[in-house]
Amino acid sequence: MTLLRLNETAVSWREVEGEIIALQHAESAYLATNGTGTLLWKSLAEGTSRDDLVELIVGEFGIDRVRAAADTDAFLDALRAQGLLVV
């Protein structure tokens, strides 16, 4: 199992009214998440696996695993592209 985690040196963040508001340090870019992103983000802050993230979405929102996996992969890819994810 590969452990994924937010790159704490690359981003500062807070949860505000159920959303994550983050500042990506390298480009001084602000980011925000929706409810699903907030769920994933908080799990990544603690450290988790891709499979656990997929199961988290399935359990929380009752969607099928294929869609949950696609949504999770898109979110992880976006974080990787911004240097916000470490393995």
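All of the numbers you see were taken from the coordinates with simple rules; none came from a lab. What you see is a predicted model; the values in this text were computed from it and never measured. Note that each Cβ is placed from the backbone with ideal geometry, even for glycine, and that neighbours are counted across all protein chains shown.
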Pairs of Cα atoms farther than 20 Å apart, the chain, %
28
Please identify which residues in segment 1-20 have an amide N closer than 18 Å to a label point set 7 Å out from the Cα of S28, following the Cα→Cβ vector.
10-13
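Figure the gain on full extension for V87 and T2 (residue separation times 0.36 nm, minus the Cα-Cα span) and round it to one decimal in nm.
Working: separation 85, 0.36 × 85 = 30.60 nm, distance 0.69 nm.
Residue separation times 0.36 nm, minus the Cα-Cα distance, leaves 29.9 nm.
List the GluC sites (Glu not before Pro) in segment 1-48 that DSSP assigns to loop (not H, G, I, E or B) and whose Cβ has at most 12 other Cβ atoms within 10 Å. Which are they? Each step should come with its number before you reach the end.
Working: sites: E8, E15, E17, E19, E27, E46; in loops: E8, E17, E27.
Those satisfying the criteria are E8, E17, E27.
In debye, nearest 20: dipole of the chain around its Cα centre with unit charges on the Cβ of K, R (+) and D, E (-)?
Details: 7 positive and 14 negative charges, 33 e Å.
Using only the charged Cβ atoms, the result is roughly 160 debye.
Report relative contact order for segment 7-82 in percent, whole number only (criteria: Cα-Cα under 8 Å, sequence separation at least 6).
Numbers: 67 pairs, mean separation 13.7, N = 76.
Averaging sequence separation for qualifying contacts and normalising by length gives 18 percent for segment 7-82.
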Quick one: helix 65-81 against the long Cα principal axis of the chain, what's the angle to the nearest 10°, folded into 0 to 90?
10
